[in-house]
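Trainee: Sharing a structure with you now.
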């Protein structure tokens, strides 16, 4: 009953609303209403995050925004540490991610670390839930995320600079130059973040005992410790360029360089001194995409080509005590990816036909240079592989009546020398009432995700005989919205069910290393609710709220690995059954007060869902953030002053076992946008 009551309250009180952009002066984009827009997203479950929601916090990565603004669960080790997405109870590799049309999932691991993507660098994020992900890429057994960057629509020169100062000696800087004239426009963005990240926490995994004169234990206390080796420095540079060529064609060029240098924090059960070890990961990455598109009265043609390079170095060193350091791990991975895609669309008032062909060519080399053989020589632990991935997609959309629409998609993939079975998906929607835009939606899809290169070739442990994961997903939902002069709201409810066969799981072997096998069948089902509310109670007042709620059951239904396997029928590790987030804003003149609330239910750390020890389950927690912003308008500039209090009630919690998160902390930021006349 409590769950039903919670759903009912959230359904009535929340909905999606675009937030006020707190960093930059925005110019509304012009919108071209065509049959293409009416047909494109028929029947799909899709969430769109615009620049206003993405740029509310200078210190926020995309991981933080996704956790607050969507039903995706972000498994995070803390700021500037690994943050991965669980879409509808699936694993991180089941969420496919693209940037300006190019897939950016690691071909080694199959996932994306969202902590390495500054939210200020993303102009738009489209989240495709369940079957809808097939329109973006195969392999999105949970969903897909399409990220976009581009140039500004405002004519002339504009500059934005933001300086942030926060707890734990944290500094953030953002600088953007935009210029548009006639047929071309340019936008350049810089971002730099630095932090010691040495917050204090009470370590409940250790005890300091008190003794009497006879050596008997008389009591104990939990020690107060600092987050050790958690410092980081991130630098990003993004250049977008657009120009219109002859005819109706438009060219876009995007190039993104990033360097992250991050310490790997010690676990709270680690008794080593911070000065005796060096545990560090350095990433250098470069992504670039050049695209061309032409929009006609009844058709659209586009082509893209891209290149992606990643150099990741992980080092673990121990102090030998004589001033010298021993390389325990020196693992380096180099990835080169070449990408190309061609796409065409043709549409009428009732029909839309589209097709595309995309190709990714990966060249990978990974090795641990610190491994030494028994003979004292350097041993090769790693692999060097190349793989071609080809995907063909076609779609037919049909709206026989104004209220009714259907979509049929077909996709087929080739990876290496293997061909996946045909990947079909079907979508339908029906407009129940024009008043309130009450729409029923339903979809079904079959999907495949082929093994990553690490799954197949990692040394030691890779398994070249792995089968691709096969998923079948169904969802149905209803949406409604209203936009008035003084009020507006919308709400979306979706129910989903999926079965995934041949789930790839890494398990320990008797030889002392881990190896992936196809052992699991996973059943995932649940409910997603998104909504928002917008009110204008007075001439100078604004009241806004948006929120989401998810109930997710993700169960292991595979065969027992051994007679002692107690994981069958249990919730997958680190997947919360309940999660929710609500954001409320109160605006008056140039003041904005924002309150963010986030909730996650307990998460199990063992596949058997053991709860009799504190190591088997992570307790539920509520997160509360509060911010206040003031906009100052001068003839020569617009200035934003903003203060944020995170973890307002100093909650003690862990998102991942052994990784305590920071208590109450603060950020102050100043943003300035000069006015050029």
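Trainee: What is the diffusion coefficient of segment 458-505 in µm²/s, taking the Kirkwood radius over Cα pairs and the Stokes-Einstein relation at 20 °C with a viscosity of 1.002 mPa s?
Mentor: Translational diffusion coefficient: 143 µm²/s.
Trainee: Cα extents of segment 57-193 along the three principal axes, largest first, in whole Å?
Mentor: If we take the Cα atoms of segment 57-193, the spans are 44, 44, 27 Å.
Trainee: Using only the Cα atoms of segment 505-643, what do you get for the radius of gyration and for Dmax, in Å?
Mentor: According to the Cα coordinates of segment 505-643, Rg and Dmax are 23.2, 75 Å.
Trainee: Next question. As a test of the formula, what do you get for the chain when each DSSP H run with n ≥ 4 contributes -39,500 (n - 2.57) and the sum is divided by the residue count, at 222 nm and rounded to the nearest 500 deg cm²/dmol?
Mentor: Values: 5 runs with 35 residues, N = 677.
It lands at -1500 deg cm²/dmol.
Trainee: Going from the alpha-carbon gyration tensor of segment 225-323, what semi-axes, largest first and in whole Å, does one get by taking the root of 5 times each eigenvalue?
Mentor: Calculated on Cα positions only, the semi-axes equal 48, 12, 10 Å.
Trainee: Determine the shape class of segment 375-528: with a ≥ b ≥ c the square roots of the Cα gyration tensor eigenvalues, call it rounded for a/c under 1.5, and otherwise prolate if a/b is greater than b/c, oblate otherwise. Don't skip to the end; give the middle numbers.
Mentor: Working: a/c = 3.07, a/b = 2.36, b/c = 1.30.
Prolate, because a/c is 1.5 or more and a/b exceeds b/c.
Trainee: Is the shape of segment 122-251 best called rounded, prolate or oblate, per the rule: a/c under 1.5 gives rounded, else a/b larger than b/c gives prolate, else oblate, with a ≥ b ≥ c the square roots of the Cα gyration tensor eigenvalues?
Mentor: Because a/c hits 1.5 or more and a/b fails to exceed b/c, segment 122-251 counts as oblate.
Trainee: Report the Rg/Rh value for segment 447-543, based on alpha-carbon coordinates and the Kirkwood definition of Rh.
Mentor: Details: Rg = 23.2 Å, Rh = 17.4 Å.
That ratio equals 1.33.
Trainee: Within a 10 angstrom radius of the beta carbon, how do 554, 601, 302 rank from fewest other beta carbons to most?
Mentor: Ascending Cβ contact count within 10 Å gives the list 601, 302, 554.
Trainee: Taking R0 as 25 Å, what's the FRET efficiency between residue 326 and residue 510 from their Cβ-Cβ distance, rounded to 0.05?
Mentor: E between residue 326 and residue 510, to the nearest 0.05, is 0.30.
Trainee: Got a sec? How would 497, 236 order by Cβ neighbour count within 10 Å, fewest to most?
Mentor: The fewest-first ordering by Cβ neighbours comes to 497, 236.
Trainee: Rounded to two decimals, what is Rg over Rh for the chain when you use alpha-carbon atoms and the Kirkwood radius?
Mentor: Over the Cα atoms of the chain, Rg/Rh equals 0.96.
Trainee: Also, quick follow-up: Where in segment 308-326 does the label zone of residue 259 land, with the point 7 angstrom along Cα→C-beta and an amide N cut-off under 18 Å?
Mentor: 309-315
Trainee: A further question follows. Please rank 134, 335, 289, 670, fewest neighbouring Cβ atoms within 10 Å first, as an exposure proxy.
Mentor: In increasing order of surrounding Cβ atoms, one gets 670, 335, 289, 134.
Computed from the coordinates by the stated procedures, all read-outs in this text should not be read as laboratory data. What you see is a predicted model, and the numbers here were worked out from it, not measured in a lab. Don't worry about glycine lacking a Cβ; one is built from the backbone with ideal geometry, like all the others, and counts go over all protein chains shown.
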